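Visitor: Encoded as structure tokens, here's the structure I'll be asking about.
The values are calculated or read from the model by the stated rules, or taken from the named source; none is laboratory data. Keep in mind the model is a prediction, meaning the values are calculated, not measured. Virtual Cβ from ideal backbone geometry, glycine too; neighbours counted across all protein chains shown.
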Amino acid sequence: MASLNKQQKRAKRAKAKAKQIRISGRPPLAGINDPTEVDGLFDADELPEGEDGIAENILTMFSNMQEEEAERGRVNMLVSMLVSLSTIISDEPDLLDLENAEDESMAATHLAADMLIDYRMWADGIDRETAQRWLEDPEVIKDFGTALDSYRQAIEIMLEPPKSAE
């Protein structure tokens, strides 16, 4: 296992790179539905080791979210994001900003909020301030709560021990 100092440096690099991807990736991505259409946008040689898949995973997540939102509505889009984000966090735990959160759950919530802002900017080609206002809308907050409850219930069902046949 890497030293604490090295882990902190990796986490800092991952956070900075994720922010860079969110900021630099937006304008060219606005309105793009298929991540394969942006082939070459993120130069794998410029990403730190192991982080070249983050950009692809986020683009795939955004594409899936856009499809869910168009076909099934905002709550399903939010559930889709939570499922995808849990996989991304599992693969890249350094994306969680544990230094600025009370616990891992709060760090995941902050990351989800950032991703929603970035998604809205990507999907609609809007600025950060407008996307932030969208996220603060009471209906969006209500839908996020509904999606989070659905996601938690699904996780509980999956983790529930199988009932024995008597």
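Visitor: Just to verify a result, which residue in region 96-116, among those that are in a loop (DSSP other than H, G, I, E, B) and under 17 Å from the mean Cα position of the chain (by Cα), is nearest to M65 (Cα to Cα)? Working first, answer last.
Guide: Restricting attention to region 96-116, the residues satisfying the condition of being in a loop (DSSP other than H, G, I, E, B) are 96-97, 101-103.
Those still in the list that are under 17 Å from the mean Cα position of the chain (by Cα) too: 96-97, 101.
On the way: L96: 21, D97: 23, A101: 26 Å.
Top of the filtered list is L96.
Visitor: Given the options E129, E160, E136, name the one that is farther than 22 Å from L96 by Cβ, free of Cβ contacts under 8 Å to residues at least 12 places away in the same chain and under 18 Å from the mean Cα position of the chain (by Cα).
Guide: Details: E129 fails: under 18 Å from the mean Cα position of the chain (by Cα); E160 fails: under 18 Å from the mean Cα position of the chain (by Cα).
Testing whether each residue is farther than 22 Å from L96 by Cβ, free of Cβ contacts under 8 Å to residues at least 12 places away in the same chain and under 18 Å from the mean Cα position of the chain (by Cα) leaves just E136.
Visitor: Kindly indicate whether any position in region 83-103 is in contact with a Gly (Cβ under 9 Å, 6 or more places away or on another chain), at pLDDT below 60 and not small (G, A, S).
Guide: Scanning region 83-103 turns up no residue that is in contact with a Gly (Cβ under 9 Å, 6 or more places away or on another chain), at pLDDT below 60 and not small (G, A, S).
Visitor: So which residues in region 117-166 are modelled with pLDDT under 90, part of a loop (DSSP other than H, G, I, E, B) and of a type in the set (D, E, K, R)?
Guide: E160, K163, E166 - these are the residues of region 117-166 that are modelled with pLDDT under 90, part of a loop (DSSP other than H, G, I, E, B) and of a type in the set (D, E, K, R).
Visitor: How many residues, within region 127-166, are of a type outside the set (D, E, K, R) and farther than 20 Å from N64 by Cβ? Spell out how you get there, then give the answer.
Guide: If we filter region 127-166 for residues that are of a type outside the set (D, E, K, R), which is where we start, we get 130-132, 134-135, 138, 140-141, 144-148, 150-151, 153-155, 157-159, 161-162, 164-165.
Still in the list and also farther than 20 Å from N64 by Cβ: 130, 132, 138, 141, 145, 153, 157, 159, 161-162, 164-165.
Adding up the residues that qualify gives 12.
Visitor: Within region 140-157, restricting attention to residues that are touching a residue at least 12 places away in the same chain (Cβ under 8 Å) and not small (G, A, S), which residue is farthest from R74 (Cα to Cα)?
Guide: Y151
Visitor: In region 61-74, how many residues are part of a helix (DSSP H, G or I) and either surrounded by fewer than 18 Cβ atoms within 10 Å (Cβ to Cβ) or acidic (D, E) (or both)? Write out each step before concluding.
Guide: Kept after step one, since they are part of a helix (DSSP H, G or I), are these residues of region 61-74: 61-72, 74.
From the residues that got through so far, the ones that are either surrounded by fewer than 18 Cβ atoms within 10 Å (Cβ to Cβ) or acidic (D, E) (or both) too are 64, 67-72, 74.
So the answer is 8.
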